[in-house]
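The block underneath contains the structure these notes are about, expressed in C-alpha cells.
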Amino acid sequence: MLLPGSDPAAIERAAEALAAGELVAFPTETVYGLGARADDDRAVAGIFALKGRPADHPLIVHVLDASEASHFAAAPFGGVAQRLAEAFWPGPLTLIVPRAAEVARAAAGGQSTIGLRSPSHPVARALLAAVRQRGVPGVAAPSANRFGRISPTRAQHVVDEFGDALLVLDGGECEVGIESSIIDCSGAVPALLRPGQIPRERIEAVAGVPLAERDSSSPRASGTLEAHYAPRAKLRLMPAPMLNTALQMLGDSPLRLAVYSRTVRLPQGCRLQRRAMPDDPGQAAHELFAALRELDAQGLDLIWVEEPPGESAWDGVRDRLARAAAA
Ligand code: TXA
Ligand code: MG
C-alpha cells in the first residue's frame, strides 16, 4: 500500500508498524529500503524471507546521526570513521565498524561488524525520528528488491517487486539513484567495499589515507557479488568502438534488442530502440535503475550498453553495469 511520505500521519502509521515488528519500505536519497526495527531479530528475519536473501548477508542499519550509531558500534566513533561520518552524514555513505556485542545480531548477518548509515532523505529522517520516539534506535534496511535484482528508485518499483500488501512510503524519485558507498573501517586500513556516488578521491581526502580494495577476507556483501542488479534481459557492456561495430554487423536480427548508449548512435536505417545515457555521471546514476527497469519491462532478449567513461566520477555506474552484465 502506497502512503504519501510528505504526510505526517503516514509517517506515524509507518513508525507504529515498524515499532510493532512489521516491515515498511521507505525512500532514501540512494534507493528505496525495506525496513525493520534493527533491534528485533524476528522482525529482521522477515526482511530476509521477503527478499529471498541468504541470512548471512548483513544489512545496513539506518540511524539519525553518529550518536545513535554508537548504540550499535563496539566503541564510540573515532579516527577515520568519525572523520567520514562528520564529512558525509547525513548522506550516501555506509560505514562498517566493529559491532557492539549482543546488539542487532540478525541485522548484522552474524558478523562481528555492522554497517551504519545516516540517510539524508527527509522522509527517511522523519521516519527515523518517529521510531526513535517509540524507543527504536535504528532501522535495518537493504534495498527493497528481490535478491539479485535491480534496486528500486521509485515507490512504484517497490510495489512492482513485492505487491500491494507491503506498506510503502512514497518519497518520489531517489536523487542519487545508486546505493551508498560502503567503507569498511573495521580493519587497519579503510577499504572501499562498494563504490557509490561520492568520488573516491573525496573520500580519501577526508580519510587522510588511500582506500584499500576489497579483498577475499572482506565480509560477504551481496551488493558486491560479481553478478547482481540483473535485468531479465541479457545485458552486454561494450566499449563504444565495439558497440559501433556490433551495430554495423547486426543486419536483420530476429532478436529483440535495445541500445543504451551515451555517444554511440544507431546506423542509418537501423530500427532498433535506442535510449540515451546522460553525459553527466550524477544524472546517469539517477536514472540508471529506472532505465534498466523500463527497458526490461518490454520483454527484450538483449540490452547493449555502452561502457561509461573511466573517470572515478563514473565508478558507481560502471560497477553496477558490470555486475548486471555478469548475471
Ligand atoms: O544506499 C544504500 O546503501 C541502500 C539504502 C536502502 O540505504 N541500502 C542497500 O542495502 O544498498 P543492501 O543490503 O542492498 O546492500 C548493503 C550492502 C550489502 O552488500 C551488505 O552485504 C553490505 O552492505 N554490508 C552490510 N553490513 C555489512 C558488514 N557488517 N560487513 C560487510 N558488508 C556489509
Ligand atoms: Mg541491494
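Here is how the numbers come out for the structure above:
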| quantity | calculated |
| --- | --- |
| Criterion (within 12 Å of ligand 2 (Cβ to nearest atom) and assigned by TED's automatic domain parsing to the domain that holds Pro122) met by exactly one of Gly46, Gly33, Gly21 | Gly33 |
| Test: Ala258 is touching a Ser or Thr at 6+ places or on another chain (Cβ under 6 Å) and either assigned by TED's automatic domain parsing to the domain that holds Arg194 or buried (at least 16 other Cβ atoms within 10 Å of the Cβ) (or both) | no |
| Candidates Gly208, Gly310 - the one that is in the same structural domain as Asn145 (by TED's automatic domain parsing) and modelled with pLDDT of 95 or more | Gly208 |
| Given (1) free of Cβ contacts under 8 Å to residues at least 24 places away in the same chain; (2) surrounded by 23 or more Cβ atoms within 10 Å (Cβ to Cβ); (3) of a type in the set (D, E, K, R), number of the condition Asp7 does not satisfy | (2) |
| Subset of segment 124-159 [surrounded by fewer than 24 Cβ atoms within 10 Å (Cβ to Cβ), within 26 Å of Ala290 (Cα to Cα) and more than 13 Å from ligand 2 (Cβ to nearest atom)] | Arg125, Ala126, Arg154, Gln156, Val159 |
| Count - residues of segment 93-109 that are more than 17 Å from Val44 (Cβ to Cβ) and in contact with an Asp or Glu (Cβ under 6 Å, 6 or more places away or on another chain) | 1 |
| Options Thr94, Thr153: the member that is touching a residue at least 24 places away in the same chain (Cβ under 8 Å), closer than 17 Å to Ser181 by Cβ, touching a helix residue (DSSP H, G or I) at 6+ places or on another chain (Cβ under 6 Å) and assigned by TED's automatic domain parsing to the domain that holds Ala14 | Thr153 |
| Test result for Arg320, charged (D, E, K, R) and surrounded by 22 or more Cβ atoms within 10 Å (Cβ to Cβ) | yes |
| Residue check for Ala290: more than 15 Å from the chain's Cα centre (by Cα), modelled with pLDDT of 95 or more and not assigned by TED's automatic domain parsing to the domain that holds Glu204 | no |
| Sole residue being touching a Phe, Trp or Tyr at 6+ places or on another chain (Cβ under 7 Å) and touching a residue at least 24 places away in the same chain (Cβ under 8 Å), chosen from Val139, Val176, Val158 | Val158 |
| Every residue from segment 259-285 that is over 30 Å from Pro199 (Cα atoms) and under 32 Å from the mean Cα position of the chain (by Cα) | Leu266, Leu272, Gln273 |
| Candidate set: segment 171-190, residues that are assigned to a strand (DSSP E or B) and open to solvent by 10 Å² or more (accessible area, probe 1.4 Å); chosen: the one farthest from ligand 2 (Cβ to nearest atom) | Asp184 |
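The values are calculated or read from the model by the stated rules, or taken from the named source; none is laboratory data. Please read all numbers here as calculations on a predicted model, not as lab measurements. Positions of Cβ are backbone-derived with ideal geometry, glycine not excepted, and every protein chain shown enters the neighbour counts. We work out accessible area using only protein heavy atoms, side chains counted, and drop any ligands, DNA or RNA first. Shrake-Rupley method; radii C 1.70, N 1.55, O 1.52, S 1.80 Å.
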